[in-house]
Amino acid sequence: MFIDTHMHEMTFSKDSFLRLDEMVRIGKAKGLGAICITDHDSMGLREYAKKYTERTGFPVFVGIEFFSLQGDIVALGIQDYPKERVSAQEFIDLVKEQGGVCFAAHPFRDNNRGLEENLRVVKGLDGLEVLNGSTSPEACRKAARYARELNLFTLGSSDCHVPEKVGVCATYFPEEVRTMEEFLAVFKKGEMKPAYFSDGIYHIWDESF
């Protein structure tokens with residue numbers, strides 16, 4: 001199944017123009033089997049998303065895109081997070097203490113929010129976002145090179161804030177996941193693959209994109 005693992009909903013990400021129902025509608029039309037809401041420094045949508053999933057049957061997993069002192073990190077499977085900026089290592093350690101997973105968001109995007117060379121310093125990251133819907137192909141390929149070098153999982157995400165970006169990139173999960181527990185179990189196996197949407201279907205990325 002394909003999951004968009006990094007998305008922003010307008011209630012708690014003030015730079016987003018997307019409502020959850022619209023994100024699900026567009027995502028389902030493209031073939032997504034689940035989505036992850038990872039708002040900026042907030043997990044405020046968690047209870048609403050839980051009720052939405054119970055009502056519709058469509059899995060919506062809520063995590064966070066946390067702006068650490070060194071750059072953005074997406075985390076899922078956690079309950080608590082810092083209410084102020086802390087170092088990337090401190091945040092990663094907190095994620096691990098809670099049994100969650102985390103990956104570097106757009107690590108080489110030219111916006112001073114990626115971990116960049118700090119990837120070589122921090123310990124405990126699970127993966128790197130090597131396909132991001134708002135990041136240049138060159139920066140994505142660089143992230144893929146670092147993922148290979150550092151032996152980290154690779155993921156694809158839209159990082160959407162507007163309708164036309166929903167699901168443009170996603171992550172292929174080799175097993176169906178319906179709950180956060182299932183999501184985490186499959187994620188930790190590390191068999192996911194980044195993918196992009198083109199010509200009406202998802203394609204596994206081979207770094208020639």
In this structure, does PHE91 turn out to be under 14 Å from the mean Cα position of the chain (by Cα) and buried (at least 21 other Cβ atoms within 10 Å of the Cβ)? no
Could you list, in sequence order, the residues of region 7-42 that are in a strand (DSSP E or B) and more than 17 Å from SER134 (Cβ to Cβ)? LEU32, GLY33, ALA34
Name the residues in region 99-136 that are closer than 20 Å to HIS40 by Cβ, acidic (Asp, Glu) and over 16 Å from the mean Cα position of the chain (by Cα), would you? ASP110, GLU116
Can you tell me which residues in region 169-197 are closer than 17 Å to SER136 by Cβ and surrounded by fewer than 21 Cβ atoms within 10 Å (Cβ to Cβ)? TYR196
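Could you tell me how many of the residues in region 91-111 are without any contact (Cβ under 8 Å) to a residue 24 or more places away in the chain and part of a loop (DSSP other than H, G, I, E, B)?
2
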Going residue by residue through region 12-31, is there one that turns out to be farther than 19 Å from HIS161 by Cβ, surrounded by 21 or more Cβ atoms within 10 Å (Cβ to Cβ) and touching a strand residue (DSSP E or B) at 6+ places or on another chain (Cβ under 6 Å)? no
Which listed residue is under 14 Å from the mean Cα position of the chain (by Cα) and either among the hydrophobic types (A, V, I, L, M, F, W, C) or under 20 Å from VAL74 (Cα atoms) (or both), from THR5, THR11: THR5
Can you find even one residue in region 130-152 that is surrounded by 24 or more Cβ atoms within 10 Å (Cβ to Cβ), touching a Leu at 6+ places or on another chain (Cβ under 6 Å) and of a type outside the set (D, E, K, R)? yes
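Only the coordinates and a few stated rules stand behind these numbers; no lab work does. All values derive from a computational prediction rather than experimental measurement. In this analysis, Cβ positions are derived from the backbone assuming ideal geometry, glycine residues included, and neighbour counts consider all displayed protein chains.
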